[in-house]
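The values are calculated or read from the model by the stated rules, or taken from the named source; none is laboratory data. Quantities reported herein were computed from a predicted structural model and do not represent experimental measurements. Note: areas computed on protein heavy atoms with side chains; ligands, DNA, RNA excluded. Shrake-Rupley method; radii C 1.70, N 1.55, O 1.52, S 1.80 Å.
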Amino acid sequence: MWFPDHKPSMSLITEDPCKAMPLDFVFVIDSSRSIRPNDYEKVKAFIVNLLQFLKVGPDATRVGLLQYGSVVQPEFSLNTYTTKDRVEQAVRSMEHLATGTMTGLAIQYTMETAFTEEEGARPADLLIPRIAMVVTDGRPQDTVEEIAAQARQAGIQIFAIGVGRVDMNTLKAIGSEPHSEHVHLVANFSQIETLISVFQSKLCGEMCEVVDHQCQHICVSSPASYRCKCRKGFNLNPDGKTCTAEDRCAVADHGCGHICANLPDGYECRCRPGYQLNVDLKTCDSLDACRTVDHGCEHQCVSTTDSYICRCLGGFMLAEDGKSCKKPECGDGVMDLVFVIDGSKSLGPANFELVKQFVSSIVDSLDISLTGVHVGLLQYSTKVRTEFTLGQYSVARSVKQAVSRMQYMGRGSMTGSALRHMFESSFSAKEGARPNVPRVGVVFTDGRSQDDVSGWADKAKDSGVTLYALGVGKAIEQELRQIASEPDEKHLYYAENFEKIGEITKKSSHLTYSVPADKPSGESMCQCESVIMFQTQVTEKLKKLAQNNILFPNTCGLHRYTKWIFGHLVSMCLC
């Protein structure tokens, strides 16, 4: 090929303008047919001029070059030439391939062959930067994104230079990050010379500006390479790149009120259990409200999430002021009562209204107040729905309004799920259940459950909940017995149909009581007096419903009914 004797375009710089750093540098040159011969010479001149910034030698920068068209043609490897003159001569001697554009294939060869130790690349542990410069003027005929990513991951720093109508997205898929430093596009081959000054600053600058050093904190250049360094208070990890904080809490004036905790990039103040961090992020305040406020509780103060409540010792009940405690008087009738109401489709809307009236009639006879009876209600079908919790209402009027607003669910019958919900949630402190207060569950069902009832019924009873089972129509006796507390005759009631749910006759007159060995006689008889009073009130209310044709009396229902509804309170005299 012909070159001018004085070589004006092939060597614009005759002396090293800077002290270049050692590199393993491979040129990857597009030699496709779309590049005209004159433009091909301009690419060769660009390479020669770029070499002027490199100190070529076995212990300095090693240079390799391959060009590609439809195939990859290695011109010389990293260990072929040891002087800059020999490299320049080899560049001038290259011949144009003028075939296709297999850029991906060329990058794969660069990664798998050109940068191997057999081809002259130095071992990776020497930290000699591996630089590949890809020059192309067209779209690749193969894919480049995946293979270029693999090459970058293998530690090769890739500069992508596009000339003419090269797609910028293709160049970005080839070049390393940041693209502003590694991806360049010029309009034609005459302008490729303008990139010389750009690469002069890169190749003559510090190593940290050229390589993707990945130092977490600080990169420090050295004549042969670079090293990572950490900021004050941090130590360099074994990977030589990332940093871990020293014991900052030991060396810093952290000012933490309780605990100083080291973090990867510093420290933070934390509080001991039962305390929360203040807005100054250093001092702590107690979450135990009972310890920080004048609560005024006569017996016990119990902290909640954002406040506190007062509680009384056994044998006492909380007074109306919510702070002082008093001995229960006859007629107080204190309990937490949860109705578990079947809302399945077999019930029907009309019968569901009868059940609501039945519940309301019982509510009328209860001493519902802040310190008296608390009532909650679940409706169940295929799912379980809490209509209202034990702690939601403190007056009978509000409870009755909530009962009247209930919407009939009308689907399946999952009594076991309802018992589980009652056990896990309804009698929890979160929903208003009180300590040292009798817990009563009234379960109403009209058919066979679609799930098991015995397991959750037993758990509820074992935890101290007294369960009553009220069955109507197609209710299964075995299931009712599994639900009800023992003895059955005091906790189980069955009616053939909904018209007999309110069967009322004369009230039972042969209840028997015994005094528990661990309770004074007066206390036990006082409780029994409350039972009789409560029973009488409910009986009178249901008689009125019968007289108004809401419920239908006959001559045999009251005895069994009163045993069912009042069995729990009576059992207080027997247990």
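Miscellaneous remarks
- A 1.4 Å probe run over the protein chains yields, for region 370-472, 41 Å² of accessible area per residue, whole-number rounding.
- Cross-link table Lys356/Lys490; Lys241/Lys282; Lys345/Lys490, entries beyond 26 Å C-alpha to C-alpha: Lys241/Lys282; Lys345/Lys490
- Surface analysis of region 241-314 yields an accessible area of 64 Å² per residue, using protein heavy atoms and a 1.4 Å probe.
- Relative counts (whole %) of C-alpha pair distances in region 284-402, using bins that are 5 Å wide: 2, 10, 16, 16, 15, 13, 10, 8, 6, 3, 1, 0
- Accessible-area composition of region 354-508, carbon plus sulfur, in percent [1.4 Å probe]: 46
- Under 5 Å between amide hydrogens, built in the peptide plane, is the criterion, and for Ser413 it picks out Gln450 among residues at least 5 positions away or on other chains.
- Overall form of region 367-474 per C-alpha gyration tensor (a/c, 1.5; a/b vs b/c): oblate
- HN-Hα J in Hz across region 174-184 - Karplus 6.51, -1.76, 1.60, θ = phi - 60°, x for Gly and Pro: 8, x, 6, 8, x, 5, 4, 9, 10, 10, 9
- Largest first, the three principal axis extents of the alpha carbons in region 348-404 are 36, 22, 13 Å in whole numbers.
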